[in-house]
1. Could you list all residues from segment 383-418 that are within 8 Å of ligand 1 (Cβ to nearest atom) and either basic (Lys, Arg) or more than 27 Å from Leu274 (Cβ to Cβ) (or both)?
2. Looking only at segment 378-410, count how many residues are of a type in the set (D, E, K, R), at pLDDT below 90 and within 11 Å of ligand 2 (Cβ to nearest atom).
3. Can Gly358 be described as assigned by TED's automatic domain parsing to the domain that holds Glu298, part of a loop (DSSP other than H, G, I, E, B) and either away from ligand 1 (no atom under 13 Å from the Cβ) or in contact with a Ser or Thr (Cβ under 8 Å, 6 or more places away or on another chain) (or both)?
4. Does segment 318-325 contain at least one residue that is in contact with a Pro (Cβ under 8 Å, 6 or more places away or on another chain) and at pLDDT 95 or above?
5. Give segment 423-437 a look and list any residue that's surrounded by 18 or more Cβ atoms within 10 Å (Cβ to Cβ) and either more than 14 Å from Ala351 (Cα to Cα) or away from ligand 2 (no atom under 16 Å from the Cβ) (or both), or say none.
6. Show the residue pairs meeting these rules: Cβ distance below 9 Å; 6+ apart or different chains; first residue within segment 156-181 and among the charged types (D, E, K, R); second residue surrounded by 14 or more Cβ atoms within 10 Å (Cβ to Cβ) and in a helix (DSSP H, G or I).
7. From Gly277, Gly195, Gly258, which residue is of a type outside the set (A, V, I, L, M) and under 26 Å from Ala423 (Cα atoms)?
Amino acid sequence: MNRRLFWKLCGPLALGTLVLVWVITFLGAETEQKMSFIAERHQQTLKAWGRTAERLHQAGDDQALADWLAALQTRENTWAAVVRSDIQPLAGSQLSTQFQEGFRLGRQVEWKIHLYFAENPIMDLTFADGHTHFLVTLPQRMRPGTYLPQVRMILKVALPLAVLVLLAVVIYRHLMGPLRQLERATRAFSEGELGVRVRALLGSRNDELTALAETFDRMAERTGELILTQRRLIADLSHELRTPLTRIDMAVSCAEEGVDTQHFLPRIRRECRLMRGLVEDTLTLAWLENEAPSLDQESLDLTDLLDSVIDDAGYEYPHHRLETELPHQAEISGSSHRALAQAVENVIRNACHYTPAGGRIRIALRADGDGYRLTIDDAGPGVPADQLELIFTPFFRTNRARDDRPDGHGLGLALARRQVEAAGGWIGAENRVEGGLRMSLWFPASRSRDA
Ligand SMILES: Nc1ncnc2c1ncn2[C@@H]1O[C@H](COP(=O)(O)OP(=O)(O)OP(=O)(O)O)[C@@H](O)[C@H]1O
Ligand SMILES: [Mg+2]
């Protein structure tokens, strides 16, 4: 198995997770940065306060300044003051530059606010003289980053959750698409739609699921063929049984009316025998088609087998000239005596049936490659060229055969082909230039059982 599906799923998952982590980190830093500044309108308010404080200070009205500061502190629930930054060193002490720079208590309103500190920072609005400052602790209502916890929640919980759900939906659809097609096809097939196939519906996709679809198609192909063959067999069998049944029916009616009972009883027996043969042959054929068994359990001598079949044929057709060319011995192993005997008998009987009395039938067995080739040449009418393959189809008979030999059923060669194939060989027919039909059969000399 090529594990394509694994890589298809693994790729997007791994990459998706990496991108997600990166996006969350980036967005987290960006939004925090953007949320760390005092809003523009609050900056303006703070600056306006600074200007008011400066105006009151320059007017020299300390009481008004104190009142305004007190009112501001109460209104905004904060601390505010106006201070001087210059420190008078005493006793000859020197102020270091570091001290002078660090002495700034507040910070400018444009600066970034550290959102992690619980206390609000003190903002510094320096007056035009450079050493007087309006200081105010940033009122709570102006503190930026109020929605930071919610934003963090969205970034660390909602976003990953949404992305993962989306990924799950994509993966689910990717997997379920073909599975649904398969499910629909299986249902349609089980409801009798034998032509249904799945692979073509999956387009250029190529993974474990398309392999599953191909297996389904193969199964549907084979099962569909079997079902159709069986249906055809049943229909043909019923059709073939109708004639002997009608004949039996008529014979029984005549016997009941007392008309020549002695003549009709053997006729009924003959028809019954014929029907039994027909049903047995059809069942054997159905078994060979369904099970496709491998007949490879026995060893046998083809020369012996042919001798006995030819002997029987000689008795049955005493006016035919049966010529043989058989080796002294032709041992084969991994085969089936019963199947080969029946197949060869069917072919030799055909040659005798379709050859007029006095005609010559030549049976030759020769070593050929890893096995033996049997050829049976007769002097009959042959078979129309376009029907040389059709004669191996169950119940197929040429028009001429129907007229000349109405008691045949067209099962002999169909059975013979499946029997020979189950024993590892093949069978074929061709017309001879001199006239008549040549049947060729090939059997392997030995067959390993697991081949
Ligand atoms: N040697 C032959 N010469 C001419 N036609 C043949 C020969 N063998 C077979 N056929 C043709 O092939 C058809 C199929 O042969 P097959 O042996 O399957 O059936 P059958 O002989 O008609 O009946 P069954 O064998 O079932 O009694 C025959 O009906 C006949 O038309
Ligand atoms: Mg036959």
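The values are calculated or read from the model by the stated rules, or taken from the named source; none is laboratory data. Note that the coordinates shown come from a computational prediction; the quantities given were computed from them, not determined experimentally. We place every Cβ from the backbone using ideal geometry, glycine too, and count neighbours over all the protein chains shown.
1. Those that are within 8 Å of ligand 1 (Cβ to nearest atom) and either basic (Lys, Arg) or more than 27 Å from Leu274 (Cβ to Cβ) (or both): Arg397, Arg400, Arg402, Arg405.
2. Number of matching residues: 2.
3. It is true that Gly358 is assigned by TED's automatic domain parsing to the domain that holds Glu298, part of a loop (DSSP other than H, G, I, E, B) and either away from ligand 1 (no atom under 13 Å from the Cβ) or in contact with a Ser or Thr (Cβ under 8 Å, 6 or more places away or on another chain) (or both).
4. no
5. Ala423, Gly424, Gly425, Ile427
6. Close Cβ pairs (under 9 Å, with a partner that is surrounded by 14 or more Cβ atoms within 10 Å (Cβ to Cβ) and in a helix (DSSP H, G or I)) amount to Lys156/Ile24; Lys156/Gly28.
7. Gly277
For (1) closer than 20 Å to Arg405 by Cβ; (2) small (Gly, Ala, Ser); (3) free of Cβ contacts under 8 Å to residues at least 12 places away in the same chain, each residue gets a yes or a no:
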{"residue": "Glu316", "(1), (2), (3)": "yes, no, no"}
{"residue": "Gln329", "(1), (2), (3)": "no, no, no"}
{"residue": "Ser336", "(1), (2), (3)": "no, yes, no"}
{"residue": "Ala339", "(1), (2), (3)": "no, yes, no"}
{"residue": "Asn346", "(1), (2), (3)": "yes, no, no"}
{"residue": "Gly358", "(1), (2), (3)": "yes, yes, no"}
{"residue": "Ile363", "(1), (2), (3)": "no, no, no"}
